[in-house]
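Report on the following structure.
The values are calculated or read from the model by the stated rules, or taken from the named source; none is laboratory data. No experiment lies behind these values; they were computed from the predicted model shown. We place every Cβ from the backbone using ideal geometry, glycine too, and count neighbours over all the protein chains shown.
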Amino acid sequence: MTSRVRAPELKGRGWLNTGGKALTLADLRGKILVLDFWTFCCINCLHVLDELRPLEEKYGDALVVIGVHSPKFEHERDPKALAAAVERYGVHHPVVDDGDMHLWQQYAAKAWPTLAVVDPTGYLVASMAGEGHAEGLSRLIDELVAKHEADGTLHRGNGPYVPPPAPDGLLRFPGKAIELPSGNLLVSDSARHSVVELSPDAETLLRRFGGQERNQPFSEPQGLVLLPPKVAEVAGYDVVVADTVNHQLRAINTTTGVITLVAGSGKPWRSAVDDHAHDALAADLSSPWDLAWYDDKVIVAMAGIHQLWWFDPIKRTVGVYAGTTVEALRDGPLPDVWMAQPSGLSVSADGSRLWIADSETSALRYVEGGALHTAVGQGLFDFGHVDGPADTALLQHPLGVAALSDGSVLIADTYNGAVRRFDPAAGQVSTVDSGLAEPSDVLVTAAGEVLVVESAAHRLTRLAPGVVQTVAGERHKTERPPSHLAPGQVTLDVIFTPAPGQKLDSQFGSPLRLTVSASPAELLLDGEGTSTELSRTLVLNPAVSKGVLQVVAQAATCDVDAEYGACHLTRQDWGVPVVIDPTGPDRLPLILRGLDG
């Protein structure tokens, strides 16, 4: 590595986890730095946080991870919301608030997540987008440690992380809630890695399932579903839990208190899955976020790969229900549809319709008659708080839904801090309540009470009946620096260099895969589709002034220095805002993994 590209200085609106100190590159000289460009709405960013934890532990006295929070949604620009997210997701390294996207531009990031590696002398040596880089990062860090220890430029010792005060209270960032037949409430206490049973007053703790530390056995659990009695009798348990960060489903027998692993290998999904049934315990899942009983199965909102899966508790099998893993908004017959981090599920009273909170498209969607439909929502980059007709109404990263007996649905409109109501008969969206702290779920009890899981306030809140507001609100779009590109032929190059000690893995065919689409579709005259090369000629329509190129790239590698080398899959989705500019370049480079020098 001979690059002499100096890393840009670390400047932001503020710092977290440093005891109030603003860090500079000079403060960190002698350490290997990994800058993690993330935003707390992004499920792939949360995966990378989990991938970095073992590296932080392994290289603790030589490595410093710096989170660079470059927000997508308007709510994510709020410093208080960022501070809550850092606690919620157990971020144990310094975080700089890049609210104006300054560092994002300085480091030429084009995707969440992006990692940049800086050596102990302050030079940028590698950058990579997406998840799945842990093994490659480890090998690179080993090389940097050996080189700079030999040169005398590596300074071991404590890093700049300063832990915040320990929180207290009954709940900590609760995620989802259901009602048990007894009338008691079951709540996923996500930041305390457990599931709690509360009395109907939502304030009295009766039982806690699992410990309060990660992996005892849960890790940031979210969704819960109560099985039908006959199914529960055969299965041997009555509640299924989405054990989100462990990429598994666990079951609780609420009579005996026994917790059982029922689905998920524990390894995050990294490769294609066909539409056949698979052994549940052997399958790789990806951040299951919510659950519902629909179509005689447990439907799983598989947020990590933008799909719905099904789980059969009797046959102990799982499979894909809807979605192709492309992160976007496209309706149609199942399973060939596109979603973006489905995070909330609820079934209509008559059982015919499965409502979905599709968080990254800020959309309310539903499955009915074997097809996916969009009721409210316009795409990945359009959001806001606007009531009125469904085709113009806007949400902002909703995480929960609750179907009502009259056919309407309540929405936990999380980043708007509101509960919204969609009336399908009138085609209208209204605001039921606002001023809430990141509501993540809505529960309608058997008695007709409406309880909101007010996650960032660490409580369940009852809504006053009959209250409806009308909000004109604001329309927002994600404002990222667009790529100016020339009209006509443009070369798309996805740059990928295998990690040290790895090579492209061709044993099962081409190790490369590239899928390209556009929004609006008219932006792309030619070049749409899937191929096995990471370079492609696109033809951009000069009559379309701007849009978004949706690019999905993956590369399979394997170890070259082991008798039974491990296999690795690196994957990233880019939504690249583009502006057609006659003076723009005719090449768009995107870094999947690159080494400088």
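Pull out all pairs, ordered by first then second residue, where Cβ-Cβ is under 6 Å, the residues are six or more apart or on different chains, the first lies in the range 425-439 and is assigned by TED's automatic domain parsing to the domain that holds D406 and closer than 14 Å to D406 by Cβ, and the second is buried (at least 18 other Cβ atoms within 10 Å of the Cβ) and among the aliphatic types (A, V, I, L, M).
V432/V419
Determine if the range 198-210 includes at least one residue that is in contact with a Phe, Trp or Tyr (Cβ under 6 Å, 6 or more places away or on another chain), surrounded by 17 or more Cβ atoms within 10 Å (Cβ to Cβ), in the same structural domain as I299 (by TED's automatic domain parsing) and touching a residue at least 12 places away in the same chain (Cβ under 8 Å).
Checking the range 198-210: at least one residue is in contact with a Phe, Trp or Tyr (Cβ under 6 Å, 6 or more places away or on another chain), surrounded by 17 or more Cβ atoms within 10 Å (Cβ to Cβ), in the same structural domain as I299 (by TED's automatic domain parsing) and touching a residue at least 12 places away in the same chain (Cβ under 8 Å).
Going by the structure shown, is L171 within 25 Å of the chain's Cα centre (by Cα), crowded, with 19+ Cβ neighbours inside 10 Å and not in a loop (DSSP other than H, G, I, E, B)?
No: the conditions fail for L171.
Being surrounded by 23 or more Cβ atoms within 10 Å (Cβ to Cβ) and assigned to a loop (DSSP other than H, G, I, E, B): is that true of P8 here?
No.
To keep it simple, each residue is scored yes or no on (1) at pLDDT below 95; (2) under 21 Å from E179 (Cβ atoms); (3) assigned by TED's automatic domain parsing to the domain that holds V187.
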| residue | (1), (2), (3) |
| --- | --- |
| G344 | no, yes, no |
| R353 | no, yes, no |
| V367 | no, no, no |
| G370 | no, no, no |
| L380 | yes, no, no |
| G384 | yes, no, no |
| P389 | no, no, no |
| L395 | no, no, no |
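Scanning for something modelled with pLDDT of 90 or more and under 23 Å from H47 (Cβ atoms), does the range 144-158 turn up at least one residue?
No: zero hits.
Residues of the range 525-542 being buried (at least 17 other Cβ atoms within 10 Å of the Cβ) and in a strand (DSSP E or B), which ones?
Result: L525, R536, L538, L540.
Quick one: which of S265, S271 is under 27 Å from P511 (Cα atoms), touching a residue at least 40 places away in the same chain (Cβ under 8 Å) and in a loop (DSSP other than H, G, I, E, B)?
S271
Considering only residues that are on the phi < 0 side of the Ramachandran plot, in contact with a helix residue (DSSP H, G or I) (Cβ under 8 Å, 6 or more places away or on another chain) and not aliphatic (A, V, I, L, M), look in the range 200-243 and name the one that is modelled with the lowest pLDDT.
Q212
Show me the helices (runs of 4 or more DSSP H) entirely contained within the range 36-107 in which 3 or more residues are free of Cβ contacts under 8 Å to residues at least 60 places away in the same chain.
The qualifying helices (runs of 4 or more DSSP H) are 43-58.
Check K80, K110 and return the single one that is closer than 29 Å to I305 by Cβ and basic (K, R).
K110
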